[in-house]
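The values are calculated or read from the model by the stated rules, or taken from the named source; none is laboratory data. Since the structure is predicted, the reported quantities are computational estimates derived from the model, not experimental observations. Backbone-built Cβ (ideal geometry, glycine too); neighbour counts: all protein chains shown. For the accessible areas, the whole protein counts, side chains as well, though only heavy atoms, and no ligand, DNA or RNA atoms are used. Shrake-Rupley method; radii C 1.70, N 1.55, O 1.52, S 1.80 Å.
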Amino acid sequence: MTWVNVCGYQNLPPERGVCALVGDRQVALFRTHDGAVHALGNLDPFSGAYVLSRGIVGTRKGEPTVASPLHKQVFSLVTGHCLDEPEITVPVYHVRLDGDLVQVAVSV
Amino acid sequence: MKKIVVAGFGPAAHRLVEALQQRGFDGRVTVIGEEPRPAYDRVALTSYLSGVSAEDLAYPVPSTAVTRLNSRVTGIDREARVVTVEGGEPEPYDVLVLATGSAPFVPPVPGAEHAFVYRTIDDLDAIRMAAKEATDGVVVGGGLLGLEAADALRALGLRTHIVEMSPWLMPRQVDEGGGSVLKSHIEQLGLSVHAGAGVQEIVTDDRGRVAGLRKPDGTLIDAGVVVFSAGIRPRDELARASGLEVGERGGVVVDSGMRTSDPDIYAIGECALAGGMVYGLVGPCFTMAEVAADRIMGGDGTFGGADLSTKLKLLGVEVAQFGAMTGALDVTYMDPVAGVYKKLFISDDARTLLGGICVGDAAPYTSLRSFVGKPLPAPPSDLLFTGGGANLDLPDDAQVCSCNNVSAGTVRTAIADQGCADVPGLKACTRAGTTCGSCVPMLKQLLEKSGVEVSKNLCEHFAHSRAELFDIARVRGITTFSELIAQHGQGRGCDICKPAVASILASLHNGHVLDGERAALQDTNDAFLANIQKNGTYSVVPRIPGGEITPDKLIVIGEVARDFGLYTKITGGQRIDLFGARVEQLPEIWRRLVDAGFESGHAYGKALRTVKSCVGSTWCRYGVQDSVGLAIALELRYRGLRSPHKLKSAVSGCARECAEARSKDFGIIATEQGWNLYVGGNGGFKPRHADLLAGDLTTDELIRTIDRFLMFYIRTADRLQRTSTWLESLDGGLDYLRSVIVDDALGICADLDAHMERHVATYVDEWRATLDDPDKLSRFVSFVNAPGVPDPSIVFAAERGQIKPVVA
Ligand SMILES: Cc1cc2nc3c(=O)[nH]c(=O)nc-3n(C[C@H](O)[C@H](O)[C@H](O)COP(=O)(O)OP(=O)(O)OC[C@H]3O[C@@H](n4cnc5c(N)ncnc54)[C@H](O)[C@@H]3O)c2cc1C
Ligand code: SF4
Ligand code: FES
């Protein structure tokens, strides 16, 4: 596991996502209302397109979520589980802030 | 193979053919009708005068029947089982169905042959012609149809008189008290009512033209048009001449299976005398047709009479009657100032509701009609004062829709077992609410009370409907999502409420959709001002107002598409769609388009899309108005207007309708005098023809009416509700819509007008504004940490000389 610097915290728009290229992996980063940062795989397993970072960020029963922009399935930002079809999950990455820097943990 | 012949081609005959088809009849059906056109919706006849065409009124022609139009059946040979047809081949039958309807009663007074009747499209054509030369008109008959005819004469611009034999109007529906309230309503509209008066003669001038009507007391009413609408007589002449049993006062006698005294002959509709009654309403006529079809197919359906309750709005006054018109006890509510009269009839033990009469406010009709013959659900005075108590529990066998004979139980089953969750669903499933519409409020109530979730809540974050949130935001001046959810919701929103609120804020305040916090509310399409496609790329649609484009601009689009390698396709809305752009390409593409004078086409937004047009009078030899010019003006006026769902429009330069305007949310068709405005149309998944809202408008009137229509829709529709379903779910439908935006019944028109003016004045092109703002532009990258790198997962193959997406 190594921590990779991805971008500055100010590059994360509030309550939206962006995508980072970490090695050859696409990682979707989300900044939620409370300022926390979450990271999921950018691949939408339902459509096969790399788009999750462009979904709408919100909450479901208090749990932070993103909805796929293509067919609106909702994923937990914490567990990566699809809340509409629980057997489907997307990868969750560890993220942390180092000062103003956003870092993602990837295995190399 | 069995051969069925139907004499007469009105609504009853039409329903019979449909019912036979549904029940799988595979023999031959021949329908012989005297009118020059196939069956049409006679109930809506009057709308023909306000511009609804004969084609619009026509029922779909059944594919399974042979029709002979312009053909009158002249006799029945029951021995040989054949009918004779005027000027044509005789028609042999195994089963004959008489569906000859009825004819208006014309009293045998001198000159009556110069008067008109009000029954067919041809009658209306004749009346319209005569009205052109006249200033005054008289209708003889102050019943339901008489008042409808009087309203029509008034609409044709005539000073109108009503002559009624009885001492008050609508004697079959209301009592004397109701009649006097009705009279004052009608006189306020400028019509003269001559009640308790008969007809002595129809006076003509020396050239044989109608000059007036003389009453028995000798007074003359000057008028160039006289219409008789004083009752109907069943057309039983064929039955009479062939020796079938007919009633003393007319009507072909039938048993409960609609069979006449000859077992091979049935009679249905207004010509039939069933259980000693002739029914003059279309609902029972339809039921008779169903029963006859069932019997012909070997079933045992019976016609057991029908509810003759009526509710209508004539000359702007609601009049309703249900159940009995007498009772041991009655309770009356009368407000002469407001012009309201309501009365309930009750059994002598004061427990059972027997019937009621309403003038000026028909609320009790809607809520109480189903309780006739049943215990009173609340004290009668409460029922009258509160307008009828919306919280009554209907028994399952109570009839909810009398036009289509649908009970509360049937509606509940449709909700519970067939999954109907809204009024349009119930209409499709049960037919309830599809004819006169007066039962729609009941349907809503049943939906609300049923176990199924018909919660109006937008989502888990807001316990409000979209319309309620719109009002909250408007009235309290709320301008951000954070404020709205903190004060009126919970949690942090989701993909349902965020775009809905974004749309509300955009409708209310305009401003850029990517400004500040609003950027986080937008769906990906609005967030990137382009349409996402299946592989995560976007398509770009520049606005081409009215579909008119110069060759130079067309070339620019071609060059952009070529230089960026975009798949290019002409859309159904007369624009050009460029597919396959990656997010980081969007600003570069738009820079070129904006420099060439293009602006956002909002194909990505729930907003006005296109106003399509035909080429119109400038080039087309048939055109009567400049449809392209109008389409461009409308598209520029409403561009950027955010709404609950996408909005489409079209303008046709003449009645040939090449622009398909009637499949649009608002469609305009040119007339010699101006423009006809149609609203609530839809193509797509559930096609719907738009309804005529107003006819022969000047361009200014047209624009004002559209302004109000759009703003009223934007304020009151549900999330993702197209205008078609919105209109269908409006209580009171098109009439209500007209009362709000034409007659300003709610007093909100000035506000709607101002709101639209604000939109027009504050419009800016979203793409130009984005290109001018480095902050907004910084979002258009595939990777936040590698802005120049394209997304390697996006791959294309070639097809027919262009790209197509390849998705893993
Ligand atoms: C202006 C108006 C408004 C109305 N409003 C309402 C309303 O609001 N609600 C409601 O419930 N009802 C209303 N009605 C009544 C409704 O239209 C009738 O109940 C319905 O049309 C009856 O249908 P039908 O097929 O029995 O008869 P019709 O509609 O009369 O059709 C019979 C057809 O048979 C033809 N025919 C007759 N004899 C022959 C022959 N020998 N050979 C060939 N063809 C023949 C006739 O020309 C006619 O076309 C209204 C009627 C009118 C005129
Ligand atoms: S709708 Fe009329 S004016 Fe327009 S193209 Fe067709 S025929 Fe011509
Ligand atoms: S009562 Fe007329 S449509 Fe239901």
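Axis angle, to the nearest 10 degrees, between helix B:440-449 and the longest C-alpha principal axis of chain B: 60 degrees. In this structure B:Asp397 has an accessible area near 110 Å², from a 1.4 Å probe over the protein heavy atoms. About its Cα centre, the dipole of the range B:240-379 is roughly 380 debye, where the only charges are +1 on Lys and Arg Cβ and -1 on Asp and Glu Cβ. Around the Cα centre of chain B, unit charges on the Cβ atoms of Lys, Arg, Asp and Glu (plus for the first two, minus for the last two) sum to a dipole of about 1640 debye. A simple rule links phi to the HN-Hα coupling: the Karplus curve 6.51 cos²θ - 1.76 cosθ + 1.60 with θ = phi - 60°, which for the range B:660-666 gives 6, 5, 7, 9, 10, 4, 9 Hz, with x for Gly and Pro.
For the protein assembly as shown, the 222 nm mean residue ellipticity estimated from helices alone, with every DSSP H stretch of n ≥ 4 adding -39500 (n - 2.57) and the total spread over all residues, rounds to -8000 deg cm²/dmol.
Assuming charge only on the beta carbon of Lys and Arg (+1) and of Asp and Glu (-1), the dipole of the protein assembly as shown about its Cα centre is about 1660 debye to the nearest 20. Label-to-label distance for A:Phe46 and B:Val742 is 4.4 nm, based on points extended 7 Å past Cα in the beta-carbon direction.
Remark: mean inter-chain Cβ contacts per residue of B:495-502 equal 3, using a 10 Å Cβ-Cβ cutoff to other protein chain atoms. Across chain B the C-alpha pair distances fall into 10 Å bins from zero in the proportions 2, 11, 18, 22, 20, 13, 8, 4, 1, 0 percent. Pairs of alpha carbons in the range B:649-717 separated by more than 21 Å make up 19% of all such pairs.
Among the residues of the range B:752-791, those with an accessible-area drop of 40 Å² or more from chain alone to full protein complex, heavy atoms and 1.4 Å probe, are B:Phe783, B:Val784, B:Asn785. Here the convex hull built on the C-alpha positions of the protein assembly as shown has a volume of 207 cubic angstrom per residue.
Listed peptides B:67-79, B:131-143, B:787-799 appear in the order B:131-143, B:67-79, B:787-799 once ranked by packing, highest mean of other Cβ atoms within 10 Å at the front. Across the range B:2-156, C-alpha contacts under 8 Å between residues 6 or more apart give a mean separation that, scaled by the residue count, equals a relative contact order of 25 percent.
Quick check on my link table: of B:Lys553/B:Lys606; B:Lys498/B:Lys804; A:Lys72/B:Lys612; B:Lys444/B:Lys664; B:Lys569/B:Lys648; B:Lys183/B:Lys215, which ones sit more than 22 Å apart, alpha carbon to alpha carbon?
Flagged as over cut-off: B:Lys553/B:Lys606; B:Lys498/B:Lys804; A:Lys72/B:Lys612; B:Lys444/B:Lys664.
With q set to 0.12 Å⁻¹, the log10 of I(q)/I(0) for the range B:466-528, from the Debye formula over equal scatterers at the Cα positions, is -0.24.
Using C-alpha pairs below 8 Å separated by at least 6 residues, the relative contact order for chain B is 7 percent.
Averaged over the residues of peptide B:520-529, the number of Cβ atoms from other protein chains lying within 10 Å of each residue's Cβ is 4.
Computing FRET efficiency as 1/(1 + (r/R0)^6) for B:Arg656 and B:Leu69, where r is the C-beta to C-beta distance and R0 is 22 Å, gives about 0.40. Distance between the modelled labels on B:Ala428 and B:Asp335, one decimal in nanometres: 4.0 nm (7 Å Cα→Cβ projection). One decimal place: the segment B:Arg23-B:Thr413 gains 138.2 nm when fully extended, by the rule 0.36 nm per residue minus the C-alpha distance. State, as an integer percentage, the relative contact order of the range B:133-246 based on alpha-carbon contacts under 8 Å between residues 6 or more apart. In percent, rounded to a whole number, it is 29. In the range B:604-753, the C-alpha radius of gyration followed by the widest Cα-Cα span (Dmax) gives 14.4, 43 angstrom.
Taking label points 7 Å from Cα along the Cα-to-Cβ direction, B:Thr698 and A:His71 give a separation of 5.5 nm.
Say a paramagnetic label sat at a point 7 Å from the Cα of B:Thr618, along Cα to Cβ; which residues of the range B:633-667 have their backbone N under 20 Å from it? Only B:633-639, B:649-661 fall inside the zone, counting backbone N under 20 Å. Once you sort the root eigenvalues of the Cα gyration tensor of the range B:1-150 as a ≥ b ≥ c, which label holds: rounded (a/c under 1.5), prolate (a/b larger than b/c) or oblate (the other case)? Note, shape of the range B:1-150 comes out prolate. Counting only aspartates and glutamates at least 8 places from B:Lys427 when in the same chain, those with an alpha carbon closer than 12 Å to its own are B:Glu728. Value of Rg to Rh for the range B:397-438, rounded to two decimals, is 0.93; Kirkwood radius and Rg both from alpha-carbon coordinates.
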